[in-house]
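Please read the structure below before turning to the comments.
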Amino acid sequence: MAQVVGSNRKRWLEAVLVYAVLAVLVLGFVFPLIWVLGLSLKTRLQIFATPPLYLWWPTLENYADVLTRADFAQAFINTLIVSTSAVVLSLCVGVPAAYAFARFPFTGRTFLFFALLVMRMLPPIAVLVPMYVLFSKLGLATTRFSVVLADTTFALPLVVWLMRGFFEDLPAELEESAWIDGASRYRAFWHIVLPLARPGLVAAGILCLQLAWNDFLFAAVLTNNATQTLPVMMAAFNAGDSGVDWGGLTASGVLVILPVIIFSFIAQKHLVAGLSSGAVKG
Amino acid sequence: MAETGGSELARPALIAPASPGAAWRLRGIVLDRYFTRVAILPTFVVMLGVFGMPLAFSFYLSFTGYAQGQGLFSGGYVGLENYQDLLSDPAFTGSITITLVYTAAAVAAEMVLGLGIALLLNIDLPGIRICRTALIIPMMVTPIVGALCWKLLLDPSHGVINHWIGQHIVWLGRPDTALAAIWIVGVWQSTPYVMLILLAGLRSLPSEPTEAAAIDGASRWQVFWHITLPLLRPYLLVGLLLRTIFEFRAFDNIYAMTGGGPANSTMVLSMFTYLMSFVRFDFGLGAASSWLMLLMALLLCLFFIALIRRREVT
């Protein structure tokens, strides 16, 4: 639905106004990140210069420092392991369930679905308290596996919501004819339904990845120095006693958000569907 | 894909004569009857094991006392003491107020700003897509990193914001400015969510009612107020529901920027529960506090879901 617009001159004036307002908004929203990107490309002296430098010869020394730090590399690897495992686990567990929700009536379907919705809505800290106590008794606290499980709890409802929508939009005739040809439900699901749902799988996977990559709370409680993820390490940067290392903080911040921004742009089309979690179609 | 209506064509296979694979096929049919259960089982196990069981356990914990190096069931039963302690603790009751005030203020700002931006982005102009892309970046940034960026901008001595306004304000160290600073960061991060949902809504609206009204001589404002806004209502409600739920659990920004201080002025419920459980290690109190939080979140949820449902019926 495009806006209805009046005469040509009025229209032109209006366009200028819209562009002006949008320019201010874009500047406001992007400025903090641009400024931080700038800080990460300054030397220590330049960072604390008064008045702040607006033009300078960029340096990569902060990045070189961060990338040679052993704890950064370790945290990066941990984040990678945790988030990819969470994605794989959530998809393996959630996709078949989403298919069942979309296609087969079964007892307790409404209740289970409602329970999943509640799972997504409840505050993570409330689940984390008992989870930490249970995990530490099982010897799982401070392992990456515990973070994967915790992340999965919150990624799973997202996967089920999103994939159910995708499966419902697929025509049922294809699987039905496969069943009639003698294929089992399992075969039909694996060979016919899943390949058709590939775009949905990619979108759900990327949304889970974003969720797990950005998670701070679970990782902060369920990891130690050896298993910490990037967001946890970032927060620790901030808490250092010897004053915050602005160069290191900004450079590692940029390195943490870069991958997730790239992923999010790939999944941009599906972001809305994922956000509204099936509450709104389309 | 070639035969969308292929079920009729394929039907003869049903009456195919018994083949060597018949026995296997029969077993397959028996297994097929369990397909739904097999498909649901993993999700069910995860929900029960990683979500349901901990919640039930935390319900139990909330009735037990503090125990150093707590064993699973070692905290003695204390009845409702934890709940009584919480409800008589000004830090906790204060944190309920702060959470509600913060949630209401953040959601209101996000909805208004998000709607405004969505309306602007819905106008067909060249280059509008670039603006849209730029405007959704804040919501993609890892929240804790976004909050740390703002902390540097707001730094009293070296922050660029203080430099520009030419004053030395300790934004995060004063009870009267800390919550406002956190509010700004929250709005910065989450307005794009609302904007995206509403933009999707605007794009899906039928154009006929608006056009008809314009032809009948309705002003822009009238069209917006009497046609666009009511049509957009389901999307507004979904945005409202999601943002309320997510602002209610706000944690990362506050942890990174103030840790609940100064003088508890930014102590939201998530932060309070975190401090009780993982700084004081009083899991009984933490569990009680998280159960109260759960109940409040559930009430909020049910309220909004009822609102959405009622709309769908009428």
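Every read-out reported here was derived from the displayed coordinates using simple, explicitly stated rules and does not represent laboratory data. Worth saying up front: this structure is predicted, and the values here are computed from it rather than measured. Cβ atoms come from the backbone with ideal geometry, glycine included; neighbour counts cover every protein chain shown.
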Roughly how many nanometres apart are two label points built 7 Å out from the Cα toward the Cβ at B:F303 and B:L31? 5.1
Cut-off 17 Å (backbone N to label point 7 Å along Cα→Cβ of B:T97), residues of the stretch B:236-267: B:261-267
Ranked from highest to lowest mean number of other Cβ atoms within 10 Å per residue, what is the order of the peptides A:93-99, B:265-271, A:245-251, B:275-281? A:93-99, B:265-271, A:245-251, B:275-281
What does the charge add up to near B:L86, with Lys and Arg as +1, Asp and Glu as -1, over the other residues with Cβ less than 15 Å from its Cβ? -3
Using a/c under 1.5 as the rounded threshold, could you call the protein assembly as shown rounded, prolate or oblate? The axes a ≥ b ≥ c are square roots of the C-alpha gyration tensor eigenvalues, and prolate needs a/b larger than b/c, oblate otherwise. oblate
Based on the Kirkwood radius over alpha-carbon pairs, what is the Stokes-Einstein translational diffusion coefficient of chain A at 10 °C with 1.306 mPa s viscosity, in µm²/s? 71
Distance in nm between label sites at A:L67 and B:F281, each 7 Å beyond Cα in the beta-carbon direction? 4.1
How far apart, in nm, are two points set 7 Å out from the Cα along the Cα-to-Cβ line at A:N224 and at B:H163? 4.2
Can you give the calculated 222 nm mean residue ellipticity of chain B, where each DSSP H run of n ≥ 4 adds -39,500 (n - 2.57) and the sum is split over every residue, rounded to the nearest 500 deg cm²/dmol? -21500 deg cm²/dmol
Under 16 Å from the Cα of A:K10 - aspartates and glutamates, other chains or at least 8 residues apart: B:D124
Extension gain B:A108-B:A180, at 0.36 nm per residue separation less the Cα-Cα distance, in nm? 24.5 nm
Work out the mean other chain Cβ neighbour count within 10 Å for the residues of A:255-262 and drop it here as an integer. 3
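Tell me, what is the FRET efficiency for A:S136 and B:L205 to the nearest 0.05, using R0 = 51 angstrom and their Cβ-Cβ distance as r?
Details: r = 52 Å, r/R0 = 1.01.
Efficiency computed from Cβ-Cβ geometry: 0.50.
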Provide the descending list of Cα extents for the stretch A:78-157 along its principal axes, expressed in whole angstroms. 40, 25, 20
For a Förster distance of 45 Å, can you work out the FRET efficiency between the beta-carbons of B:Y66 and A:L258, rounded to the nearest 0.05? 0.55
How big is Rg to Rh over the stretch B:160-314, alpha-carbon atoms, Rh as the Kirkwood inverse-mean-distance radius? 1.12
Globularity index of the stretch A:8-60, i.e. its alpha-carbon radius of gyration over 2.2 N^0.38 Å: 1.72
A:L138, B:L148 arranged by Cβ crowding within 10 Å, fewest neighbours leading: A:L138, B:L148
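Quick one: if the Förster radius is 56 Å, what FRET efficiency do A:F145 and A:R9 give, using the C-beta to C-beta distance and rounding to 0.05? Numbers along the way, then the final one.
Working: r = 66 Å, r/R0 = 1.17.
Efficiency for this residue pair is about 0.30.
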Principal axis box of chain B, alpha-carbon based, largest edge first, Å: 86, 72, 40
